[in-house]
Amino acid sequence: MPNKKHTLLLIDDKPENLMALKSILDLPEREIICCLSGNEALQILLKKKVSLILVDVQMPDMDGYEFVEIIKSHPDTAFIPTIFVTAISNEHKYITKAYDLGAIDFLFKPLNTEITRKKVESFLKIWDYDQELKRLNETLAQKNEELEQFAHIIAHDLKTPLGNIQALINLIEEDHIINVDGEVAELFDMVKTSSKSMSKLIEDLLYYSKNVQNNEGKEEVNIALALDEVLKLINPPENVQIEKVNLNHDILFQPIAFHQIISNIVSNAIKYNNKEISKISISLDSENSTLSIKDNGPGIADKYHNKIFEMFQTLGNSSNGESSTGIGLNLVKKLVERNNVTIDVKNNSDVGCEFVISNIEITSKNA
């Protein structure tokens, strides 16, 4: 016997009503289960995957409202579409109560055969679309996890041989094993630069694969202190001026994630700046719960504002010749999403661009 495409659960305390409703809805591709009480239906839901429930409102022991309230409170049954079948008044108060409980529609007795069939067909199509969407999301999540694991394995396997290459380069350079001058010196510098770029790519891949899989708990993070720690690690050049505005606040955030987000954005603001004096302003708007990082660099063309957060997307080399792996801002996007906040980029009206992190949960203001 072929598998049925849909399972419909019909609930009514009167057998004649169940027989009439089943005769309207019965099709070869449907399995229809009839129950004479809400308790009987709950037992069915423990065993069967149901596509649609049609439940009578007026039943002894457990009425339709009580039944729907129970199934909507359980994660395994909360999203099953439910239609009330009723002979009571279609007054606003009854309809409102049903929708508040999570029902999707009403059928009023005596049933109109054509309307009943059309409504059921429509809601079963919605169910199909919902199931397909869930399947696609699960597949996408699995593919992302596989990609992240692959990136971690590849990066880890490349790290050792690249380390050996860099050690040999340093040995050649420090002990003058070969005479590097003229064209040879230029080629040797290209090798050094390429190995550094490769090393940066591997480190970014390792950090990316680690941080998209780990989801440590949120803690109170002081923005000012966290920024100071980041700046110590970055060690900005003397031509970089950093303005700090209203940062002595605590926010609820994953500490490692916040450090990495700030580090990536500030490092990019420094690396890509083409001005003699690089200016970066970091400010918190506590009323609107937004953290802003502005710079006076060349800005980012509007068409790239979404693209820059994609994996391996770069906009070219920085003004100081360093290359970008195109992983940093994708990691920022992932870490931002992990903390239930959002990030956007826009060009300033005069010069440079601004990254804005919104919906930050501010927990306290320090003196």
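The values are calculated or read from the model by the stated rules, or taken from the named source; none is laboratory data. Remember, predicted model here, so these are calculated numbers, not experimental data. Positions of Cβ are generated from backbone atoms using ideal geometry, with glycine treated the same way; all protein chains shown enter the neighbour counts.
Restricting to the range 1-10, name every residue that is in a strand (DSSP E or B) and of a type in the set (A, V, I, L, M). Walk me through how you get there before you give the answer.
Keep residues of the range 1-10 that are in a strand (DSSP E or B), which gives 6-10.
Passing the criteria: Leu8, Leu9, Leu10.
Looking only at helices (runs of 4 or more DSSP H) that fall completely inside the range 11-97, which ones have 3 or more residues that are aliphatic (A, V, I, L, M) and at pLDDT 90 or above? Steps first, answer last, please.
Values: elements: 15-25, 38-47, 64-72.
Hits in the range 11-97: 15-25, 38-47.
Does Leu42 satisfy the condition of being within 25 Å of Asp130 (Cβ to Cβ), among the hydrophobic types (A, V, I, L, M, F, W, C) and touching a residue at least 12 places away in the same chain (Cβ under 8 Å)?
Numbers: within 25 Å of Asp130 (Cβ to Cβ): yes; among the hydrophobic types (A, V, I, L, M, F, W, C): yes; touching a residue at least 12 places away in the same chain (Cβ under 8 Å): yes.
Yes: the conditions hold for Leu42.
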